[in-house]
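Visitor: Input: one structure, supplied below.
The values are calculated or read from the model by the stated rules, or taken from the named source; none is laboratory data. Computed from a predicted structure; not experimentally measured. FYI the Cβ positions are ideal-geometry reconstructions off the backbone, even for glycines, and counts take in every protein chain you see. Accessible surface areas use protein heavy atoms only, side chains included; no ligands, DNA or RNA. Shrake-Rupley method; radii C 1.70, N 1.55, O 1.52, S 1.80 Å.
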Amino acid sequence: MAPSNRLAFLDALRGLAAVYVVIFHVMAMPSPALATGPVMGAILAMGGTGVALFFVISAFSLAYTMPRHAATPRPLLSFYLHRVFRIAPLFFVLLAFSIWRDGRGSHAGHSATEILANVTFTFNLFDGWEAGIVWASWAIGVEMLFYAVFPLLFHFIHTLTRASVAALLGTIISLLAVTGMLGAPGLAATGDYGLLRHLPVFLYGILAYHAFKALHVMQPSKARRCGMGLLVIGGTVLIGLTLASARAALSPAIGWGLFGATYAVLLLGMSLFPLSAVVNRATTYLGQVSYSLYLAHPIVIALLLPVFRRIQASVPQPDLAYLACAALTLGIAIPLAQLGYRFIEVPGIRAGHHMLAYINARRTTAMERADQRE
């Protein structure tokens, strides 16, 4: 359980989450959706929950790195600068492309107000704009709102007990809202982009972090056994949830929370017992480029739709036809994600580091000059 292993399992799960979303969209984005067999269809239909896994990982990662920000001269500035420069550069590039794309031909384009809401990452707060101008960016809108309140949450949720209570309260409030007991506003907040649908999932990620801290001090052999147990439990529940969802036995909002909690269990299990089939060089690489892969893949799929239809027409077996479409998509999207990571994400991250260093240096110089005057 060395630090590198912890980072590896987070990257691996992040990469698998991105791939799960991609292969779901390969099936779901075409109209009509690509045909698959019943088993593959049931598995792919839950690919959207890969975003719930993203949210769990995000909350865990933020909690894991927050002490590093706390050790800097300006903790909040360090936290927010890192978040903005991690997310904004790639998002703004694709936002510019999306505005150009949607302003061509018969499309009405986007108003200046809507564009401003996307530039400021507040589009999730406006009815009708929650999905974002950039395809699949609704999750970025939700994430940025969580980033805004995370330092406050982390300040109060600083123990395993408090994390457990927060996760329980978040779950109860979400369930009350789903059942209509909080009225129409509460019910609306559990919609696809609503706060009460996603906040409990983020809280499960924070809980997983504090549980990880508590379990991290265990003897290695005992930790591995605990990890194996968590993986067995989480895997069994995940299969059950997938089957229940395929039979429409769960409401979307409740199912989302259950998948989020299950992913938190699996994340914790993988942190203690990182299976080589899951945590390896390939999956950690995918985790590294996962942000570019997530934001760019809908464009790739849209461009490949005519090719998908040709593949379907030439391959009579639905599952094989789908797999060919998915392989083609990933074969194009992953190299593009590498380019996005190398030439947009990495320079953006470095720019954030340089800006923070510059601000801190100026602050230090100003304080030294003040001391000299005294």
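Visitor: Share of region 205-307's accessible area from carbon and sulfur, percent, 1.4 Å?
Guide: Exposed carbon and sulfur together represent 71 percent of the surface.
Visitor: Where only protein heavy atoms count, and the probe is 1.4 Å, what is the accessible area per residue for the chain in Å²?
Guide: Using a 1.4 Å probe on heavy atoms only, each residue of the chain averages 49 Å².
Visitor: Roughly how many percent of the accessible protein surface of region 309-374 is carbon and sulfur, given a 1.4 Å probe and a whole-percent answer?
Guide: Ligands and nucleic acids excluded, carbon and sulfur give 62 percent.
Visitor: A further question follows. What's the extension gain from THR122 to SER276 if we count 0.36 nm per residue and subtract their Cα-Cα distance?
Guide: 51.5 nm
Visitor: A further question follows. For the peptides 299-311, 258-270, what is the packing order when you average, over each peptide's residues, the other Cβ atoms within 10 Å and list the highest mean first?
Guide: The packing order, highest mean first, is 258-270, 299-311.
Visitor: Ignoring solvent entirely, what values of log10 I(q)/I(0) come out of the Debye formula for region 296-374 at 0.20, 0.26, 0.27 Å⁻¹ when each Cα is a single scatterer?
Guide: Reported log10 I(q)/I(0), two decimals: -0.88, -1.10, -1.13.
Visitor: A further question follows. Keeping all protein chains in place and using 1.4 angstrom, which order do CYS325, CYS226 fall into by accessible surface area, from largest down?
Guide: Solvent-accessible surface, decreasing: CYS226, CYS325.
Visitor: In the chain, which whole DSSP H runs stretch at least 20 Å along their own axis (Cα) and average 0.0 or higher on the Kyte-Doolittle scale?
Guide: What comes out of the filter, once short or polar helices are dropped, is 3-28, 50-70, 75-102, 138-156, 160-178, 195-215, 220-246, 252-272, 290-314, 318-340.
Visitor: Under 1.5 on a/c is rounded, so check that first for region 192-237, then, if it is not, pick prolate when a/b is larger than b/c and oblate when it is not; a ≥ b ≥ c are the square roots of the alpha carbon gyration tensor eigenvalues.
Guide: Taking the square roots of the gyration eigenvalues as a ≥ b ≥ c, region 192-237 is oblate.
Visitor: Okay, moving on. Residues in region 138-159, backbone N under 14 Å from the label point at LEU169 (7 Å along the Cα-to-beta-carbon vector): list them, ranges by number please.
Guide: Counting only backbone N, you get 152-159.
Visitor: Now for a separate question. How large, in percent, is the carbon and sulfur part of the accessible surface of region 1-145 at a probe radius of 1.4 Å?
Guide: So the carbon and sulfur contribution to the accessible surface is 68 percent.
Visitor: Here is a further query. Sorted by average packing, counted as other Cβ atoms within 10 angstrom per residue and highest first, what order do 195-204, 348-357 take?
Guide: 195-204, 348-357
Visitor: Does region 170-285 come out rounded, prolate or oblate by the C-alpha gyration tensor, with a ≥ b ≥ c the root eigenvalues, rounded set by a/c under 1.5 and, if not, prolate when a/b is larger than b/c and oblate if not?
Guide: prolate
Visitor: Distance between the C-alpha centers of region 84-113 and region 23-52? Whole Å please.
Guide: 26
Visitor: Now for a different question. Would you compute, from DSSP H runs of 4+ residues alone, the mean residue ellipticity of the chain at 222 nm, taking -39500 (n - 2.57) per run and dividing by the full residue count, rounded to the nearest 500?
Guide: Value at 222 nm, helices only, nearest 500: -26500 deg cm²/dmol.
Visitor: Tell me which of THR236, PRO220, TYR263 sits at the most positive position along the dipole axis of region 187-283, charges placed on C-beta atoms (Lys, Arg +1; Asp, Glu -1).
Guide: PRO220
Visitor: To continue, here is another question. Using a 10 angstrom cutoff on alpha carbons, build the Gaussian network for the chain and name the most mobile of PRO32, PRO335, PRO67.
Guide: Maximum among the listed residues: PRO32.
Visitor: Right, something else. How would you classify region 219-374 from its alpha-carbon gyration tensor, with a ≥ b ≥ c the square roots of the eigenvalues: rounded for a/c under 1.5, else prolate if a/b is greater than b/c, otherwise oblate?
Guide: Here region 219-374 falls in the oblate category.
Visitor: Take the Cα atoms of the chain, find their three principal axes, and give me the spread along each one in whole Å, biggest first.
Guide: Over the chain, Cα extents along the principal axes are 82, 57, 48 Å.
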